[in-house]
Structure formats: C-alpha cells, structure tokens
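The values are calculated or read from the model by the stated rules, or taken from the named source; none is laboratory data. Keep in mind that what you see is a predicted model, and the values were worked out from it rather than measured. In this analysis, Cβ positions are derived from the backbone assuming ideal geometry, glycine residues included, and neighbour counts consider all displayed protein chains. Accessible surface areas use protein heavy atoms only, side chains included; no ligands, DNA or RNA. Shrake-Rupley method; radii C 1.70, N 1.55, O 1.52, S 1.80 Å.
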Amino acid sequence: MAVADEKVLTLCSIPFWQNSNAPSSSSSSSSVIHRVHLQSNGHKPAEHSSSHPGVVSSIAKSLLPTKRRLRLDPSNKLYFPFEPGKQVKSAIEIKNTSKNHVAFKFQTTAPKSCYMRPPGGILAPDESIIATVFKFVEPLDNNDKHVDHKKRVKFKIVSLKVKGNMDYVPELFDEQRDHVAVEQILQVVFLDPDHSNPALEKVFRQLAEAEAATEMRQKPAEETDPKIVGGGLVLDEWKERRERYLAKQQVGGVDLV
C-alpha cells in the first residue's frame, strides 16, 4: 500500500513581454541631464550605493547558502512503517563533519504525537549518533487514504557551534539564537511494512544499532578494585599477622593475657 505521496514543485519562467529598452533609455537620458545640471550649479552628484563594497559584500554573504555542520542519513526524509493506531519508530544518523563541537536539537510540528531520543546533544568533531524518532500514527477514517492527510508532520534539525565539551541544555539555542543554523527539514514518509523496501530495512538496522548503543551507555561500569577470591582470605590473612605479632611478643618476654 503506497502511503507516501510526494509532490514536485516546478519553477515557471516569467514571460518577458515588456519592452525594457524604452524605459532604460529615457531614465538614462534624464539621469545625464540631472548630473549636468548639478555640476553647472557647483553641486557634487551623490555617489551610488554600489561604491560601498561593505554593503555589497554583506548582501552577497547573506545570499550564500549556510555551511552545514552535520551530515544526516537519511538526508531529508524520515521513514516510518505504516501501522495506523500504533506508535512506530524511525531512525536517523547524525554526524558532526565540522572541526568544532556542535550542539543539535530536534524540532517538530507535532510535539504531542512525536518525540525523539535523544532530543538533542553535543557531538565532538567526527562523532556520530543514531537518534530514534517515535510517532503515533493516527487511525484512518473511512474517507482517508493517507495517514496525516489533513496535516503533514515535519521535523527540523538545528545546530549550534559550542566551545569544547560541555553539558547539553536546550537553553543554549535560546541564548545564542542568532548563531543557530537550520540543518535540514525532514519530511515524513510512510512505507508498507508487509512489503520489502530498502529504506525501511535500513531503518530497522539503524534502530538495532541505536538500541545496542543505548544498552552500552546504561550498562554499569565494571568494578576496577581487585576482587577477593574465597570468602575467608581476608580473615585468614588477619589471623596470620596476629600470630606473627604474638610470637614476637613472646620472644621478647612479654606475657599477653
């Protein structure tokens, strides 16, 4: 059952039916007459704003695409098994490809029915993590053919450059809002679990890896202190030391009660 319904938006070219030669020639003529009139009266014509390289460079910089700090896998979609009335899971790998520590955070348009584990964190350079995304799939109505047909849920991953290894708190993104970058907006895609699909199989592998990593983090650390083999070794060693001490006292002529 095909659930994901993708729409492709195409850009339409604007027809150039207007004649741009006439206005440009008239405007250029009036500009020349105006400059001659100013010079004859001793006034210096105002310089064009393009003579300020700082303004031009700032505008050009704002038009450049933001350099991404994270690499996502999948890159722009979250694949879920289509199981109406149940809570389903997806997975996404997040890797820090920059040379600095980077904080990341999930955002969603449906926080009541979706949540992420972990919802955010800090990654060292070249460090990666597989995050698990949980979503409740609403039951279908009689006239609905697709899940979330009335409202499409989307996820967004934002990033923030931080100084060194530090504890993650969500307030970091509020305190440094001007430096937060949008890494990717993820589209939700539902797939039929009864049919073989490479994307869904990859999700299942990532979920297994995420579960194994979570168990390793929650597993208590092994004790590093030396263990005593045998319950009576400590007591036997204490008795042996006491006997040697008593023997030395008897040799010295001291009577012990």
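Candidates are the residues of the stretch 102-138 that are open to solvent by 40 Å² or more (accessible area, probe 1.4 Å) and part of a loop (DSSP other than H, G, I, E, B); the one that is nearest to Asp167 (Cα to Cα) is Pro119.
Applying the condition of being modelled with pLDDT of 80 or more and more than 25 Å from the chain's Cα centre (by Cα) to the stretch 133-166 and asking which residue is nearest to His179 (Cα to Cα) yields Glu138. Across the stretch 176-218, the number of residues qualifying as crowded, with 16+ Cβ neighbours inside 10 Å and more than 21 Å from Lys154 (Cα to Cα) comes to 1.
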